[in-house]
Each structure stands twice: as C-alpha cells, then as structure tokens.
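Visitor: Once you've had a glance at the structure underneath, I'll fire off some questions.
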Amino acid sequence: MTSFQRRLLRWYERHGRARLPWRVRRGPYRTVVSEFMLAQTQVDRVVPKFEAFVERFPDFAALARASAADVLRAWKGLGYNSRAIRLHSLAKAVVEQHGGALPTGREALQALPGIGPYTAAAIRAFAFDLDDAAIDTNVRRVLHRLCFGVAYPASASDRVVEERARALVPPGRAHDWNSALMDFGATICTARSPRCGRCPLRGDCAAAPIDAALPRVSRRAAAVPFKRTTRYARGRIVDRLRDLPPGSRISLLDLHRAIAPAMPERSVDDVRGFVAALERDGLVSRDGDGIALRE
C-alpha cells in the first residue's frame, strides 16, 4: 500500500462517517437499499428513512412479498418515487432468479432492475469488499484533481480516470477505500469550496492549491421554482394516494381538488397527464376513473 493510500485511510478512520447505519451493519441487502435511497437524496434525510425501511422490510424476501403500494408508502419523504418501484422489482428478481442471494458478478448485478455500472461497482465494494471502484460524480472530481489537476476543464477522459480509480483500490480494502473517497469529496475536496489547507493529501495532489482556480458558478436567473416543477407535482399526487386506505381509489376530479391547495396553477388536464406518466412508470394504477398506488 502506498503512503497516499495509507494517509487517506487514516483520515477516514478519524473523520469518516463510519457510524452511518449501512456501514455499521453491512450486508448485501442493506447496501442495495442504501444505494437506492442515496441516489439524489442527502445522507441526513436518508438515515432515519433507511432505518425504518429495513426494520419493516428486513431482507429481499420480505421486500419482494410486499405490495408496491406498501413500498411506496414506506418510501415517503425520500422523493423520486420510481426508485422505490425499481428497488421492489430488484428484490423480486433476486428472490426469483437467485434464491434470495444477491450475485457478486458485475454482469449478473447489472442484469437486475435499477442497477447500472456505478451501482454494481458500489455493491461489489461495499457489500462484498471486492476490489472495485464506485465512481460517482464526487469521486471522479476528487481523483481527477489528485491525479491529473483541476477537474474543469478536464485534462483526462472519464475512461482514464476510471482506470486510475480501479488501480488505486487497495486489495481487500474496497469498502473502506471507496467510503473514504466519498466522505473526502463530501467534506474536504468539495466541488466549490475545497479545503486545501486541511487536506492530508495536498502534497500528492496535482491540482493543489486550487481555490483560486475554480470557475465562478452562478445560479440561473430564471430558474423554475421547485413548486412549479413536474417532480413536485408528481410527488404531491403520490403523497395523496399514499394516504388512501388500502384498496381505495380516488377519482381524477377528487384528486385534483385534494392537491389544488399545494399547486393551484395546475389544471385537471395537467393532473391527468401526470397520472398517465406515473402509470407508465409503474407507480399508480387506474381502474376506470379510480386512481390508486399500484398494488
């Protein structure tokens, strides 16, 4: 192991987020649930939802037996509800195709619903401690800075960065190494305000010090308010359907009236379009004019 690797792992031992519940008790199922929840949702929001979810559905078999509606109800508060449906489909596939045991091979993992190259690598590293590199946007930025210089404009292609990432994984330490890189990118080598003065790797970093080299990023002046986005509207519809008693349905007009206070600018036709899209995504079902979460 190189001195660079040892320094980062020592930093993780002292400052990493080792008390996150999916790191304290590790296992394939808990890793999969955490990865699905952490996609596009902040860690602090995920922690309490993760603990409640795995208590209610403790393994792939329990999740596979549940209805889609129950899974969506347990997902409330995390947003991006289609992730819950993909996770439910994955659990069914693991039970039906693999006897309830998550496979370890990259190709077998990517054949499961909702798993792409990043998630497959993350599962291999975090659940099985196999020597793989989970390369998300933050890790890519950190490694580009360390190995090749400032990330924007990039001086190395994604393929080159990924090859370096896999080569750097210390044999047998994939879980801690990948966790360290992610925590390091979240707290020290951040996108806009890197703390080069506190960085234990600054002596090895090809970009340091980079504070003055970062481009100024300004928010778009005409950004659409979140409450007027499609994501917000879909979320309010799913929330209202979650509140229905099991087996109950609601008409389109009643659904529109129920969510009107939260988004008064949306018409009945708007809601009809959102419901149709949610149905295509497998989140809701329609029976005549009756709408409900998919069971």
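Visitor: Of the residues Ser89, Ser67, which is in contact (Cβ under 8 Å) with a residue 24 or more places away in the chain, touching a Pro at 6+ places or on another chain (Cβ under 7 Å) and small (Gly, Ala, Ser)?
Guide: Details: Ser67 fails: touching a Pro at 6+ places or on another chain (Cβ under 7 Å).
Among Ser89, Ser67, only Ser89 is in contact (Cβ under 8 Å) with a residue 24 or more places away in the chain, touching a Pro at 6+ places or on another chain (Cβ under 7 Å) and small (Gly, Ala, Ser).
Table: residues versus (1) of a type in the set (Phe, Trp, Tyr); (2) in contact with a Lys or Arg (Cβ under 9 Å, 6 or more places away or on another chain); (3) within 22 Å of Ile123 (Cα to Cα).
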{"residue": "Glu162", "(1), (2), (3)": "no, yes, yes"}
{"residue": "Leu168", "(1), (2), (3)": "no, no, yes"}
{"residue": "Met182", "(1), (2), (3)": "no, yes, yes"}
{"residue": "Cys199", "(1), (2), (3)": "no, no, no"}
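Visitor: Conditions first: (1) at pLDDT 95 or above; (2) buried (at least 18 other Cβ atoms within 10 Å of the Cβ); (3) out of contact with any Leu (no Cβ under 6 Å at 6 or more places or on another chain). Arg73 passes all but one, so which condition is the exception?
Guide: Among (1) at pLDDT 95 or above; (2) buried (at least 18 other Cβ atoms within 10 Å of the Cβ); (3) out of contact with any Leu (no Cβ under 6 Å at 6 or more places or on another chain), the lone unmet condition for Arg73 is (1).
Visitor: Please state which one of Ser89, Ser67 is within 14 Å of Val33 (Cα to Cα), open to solvent by 10 Å² or more (accessible area, probe 1.4 Å) and among the small types (Gly, Ala, Ser). Let's see the steps before the verdict.
Guide: Working: Ser67 fails: within 14 Å of Val33 (Cα to Cα).
Exactly one of Ser89, Ser67 is within 14 Å of Val33 (Cα to Cα), open to solvent by 10 Å² or more (accessible area, probe 1.4 Å) and among the small types (Gly, Ala, Ser), namely Ser89.
Visitor: Could you give me the residue pairs with C-beta distances under 7 Å whose first residue belongs to the stretch 161-179 and is in contact (Cβ under 8 Å) with a residue 24 or more places away in the chain, whose second residue is open to solvent by 50 Å² or more (accessible area, probe 1.4 Å) and of a type outside the set (Asp, Glu) wherever it lies, and which are 6+ apart or on separate chains?
Guide: As it stands, the answer is Val161/Arg140; Pro170/Met1; Ala174/Leu130, since those pairs meet every condition given.
Visitor: Given the condition in contact with a helix residue (DSSP H, G or I) (Cβ under 6 Å, 6 or more places away or on another chain), touching a residue at least 40 places away in the same chain (Cβ under 8 Å) and either closer than 22 Å to Thr104 by Cβ or among the aliphatic types (A, V, I, L, M) (or both), answer yes or no: does some residue in the stretch 41-58 qualify?
Guide: No, that holds for no residue.
Visitor: Quickly run through the stretch 214-245 and pick out the residues that are more than 23 Å from the chain's Cα centre (by Cα) and modelled with pLDDT of 85 or more.
Guide: Within the stretch 214-245, Arg240, Leu241, Asp243, Leu244, Pro245 qualify.
Visitor: Tell me whether the stretch 112-122 contains one or more residues that are without any contact (Cβ under 8 Å) to a residue 12 or more places away in the chain, closer than 28 Å to Pro171 by Cα and open to solvent by 10 Å² or more (accessible area, probe 1.4 Å). Before you say what the answer is, go through the steps one by one.
Guide: Kept after step one, since they are without any contact (Cβ under 8 Å) to a residue 12 or more places away in the chain, are these residues of the stretch 112-122: 116-117.
From what is left, the residues that are closer than 28 Å to Pro171 by Cα are 116-117.
From the residues that got through so far, the ones that are open to solvent by 10 Å² or more (accessible area, probe 1.4 Å) too are 116-117.
Within the stretch 112-122, one or more residues are without any contact (Cβ under 8 Å) to a residue 12 or more places away in the chain, closer than 28 Å to Pro171 by Cα and open to solvent by 10 Å² or more (accessible area, probe 1.4 Å).
Let's see how each residue does on (1) modelled with pLDDT under 90; (2) under 13 Å from Leu8 (Cα atoms):
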site	(1), (2)
Phe128	no, no
Asp131	no, no
Arg141	no, no
Ala154	yes, no
Glu162	no, no
Val169	no, yes
Ala186	no, no
Cys196	yes, no
Arg202	yes, yes
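The values are calculated or read from the model by the stated rules, or taken from the named source; none is laboratory data. Remember, it's a predicted structure, so these values are computed and weren't measured experimentally. Positions of Cβ are generated from backbone atoms using ideal geometry, with glycine treated the same way; all protein chains shown enter the neighbour counts. Just so you know, the surface numbers come from the protein's heavy atoms only, side chains and all, with ligands and any DNA or RNA stripped out. Shrake-Rupley method; radii C 1.70, N 1.55, O 1.52, S 1.80 Å.
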